[in-house]
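Trainee: I have a structure here, written as structure tokens, and I will follow up with some questions on it.
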Amino acid sequence: MKRWITMLAAMAPLAAVQPASAWERGPACREPSVIDEMTRAIRERNYYTRIDPGLVTEQTTSVANVVRCQVCVLAAPYESTQFGDRPVRHCLAHAFEVRIVPAGFVVRDLQ
């Protein structure tokens with residue numbers, strides 16, 4: 001009986017710890033699966049663009065498991081009449097909403 005009490009006493013601090021959440025690992029907007037989904041959504045519109053993961057920002061919302069992601073879409077339009085013989089690279093702001101669910105993330109394009 002004394003052994004059970006000792007074991008329960010040792011496990012008591014573990015019971016007080018909150019269960020791990022998906023967003024405790026770091027910014028949800030920088031998770032590889034979220035970046036991949038945002039990239040897929042962007043490329044449906046313009047194949048020659050890409051997302052720079054280093055330029056992804058995250059903003060909390062009033063809903064605990066929802067964040068808003070702002071990404072920098074790197075584009076390089078090539079219009080020789082306007083820009084000459086080289087493409088001009090620039091960053092286009094694009095927004096996504098990410099819902100954190102137990103099985104992962106649900107990404108919604110806001111534009």
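Trainee: Suppose we filter the range 94-111 for residues that are open to solvent by 20 Å² or more (accessible area, probe 1.4 Å), β-branched (V, I, T) and out of contact with any Asp or Glu (no Cβ under 7 Å at 6 or more places or on another chain); how many remain?
Mentor: Residues flagged as open to solvent by 20 Å² or more (accessible area, probe 1.4 Å), β-branched (V, I, T) and out of contact with any Asp or Glu (no Cβ under 7 Å at 6 or more places or on another chain) within the range 94-111 amount to 2.
Trainee: Is at least one residue of the range 42-49 open to solvent by 60 Å² or more (accessible area, probe 1.4 Å), farther than 15 Å from Q111 by Cβ and modelled with pLDDT of 90 or more?
Mentor: Scanning the range 42-49, I find no residue that is open to solvent by 60 Å² or more (accessible area, probe 1.4 Å), farther than 15 Å from Q111 by Cβ and modelled with pLDDT of 90 or more, so the answer is no.
Trainee: Are there any pairs, at least 6 apart or on different chains, whose C-beta atoms fall under 9 Å, with the first in the range 67-82 and closer than 17 Å to T39 by Cβ and the second open to solvent by 70 Å² or more (accessible area, probe 1.4 Å) and at pLDDT below 70, and if so, which?
Mentor: Qualifying pairs under 9 Å: A75/Y48; A76/Y48.
The values are calculated or read from the model by the stated rules, or taken from the named source; none is laboratory data. In this text, all values refer to a predicted model and were calculated from it rather than measured experimentally. Methodologically, a virtual Cβ is constructed for each residue, glycine included, from the backbone with ideal geometry; neighbour enumeration extends over all protein chains shown. To get the accessible areas, we keep the full protein, side chains included, count just its heavy atoms, and leave off ligands, DNA and RNA. Shrake-Rupley method; radii C 1.70, N 1.55, O 1.52, S 1.80 Å.
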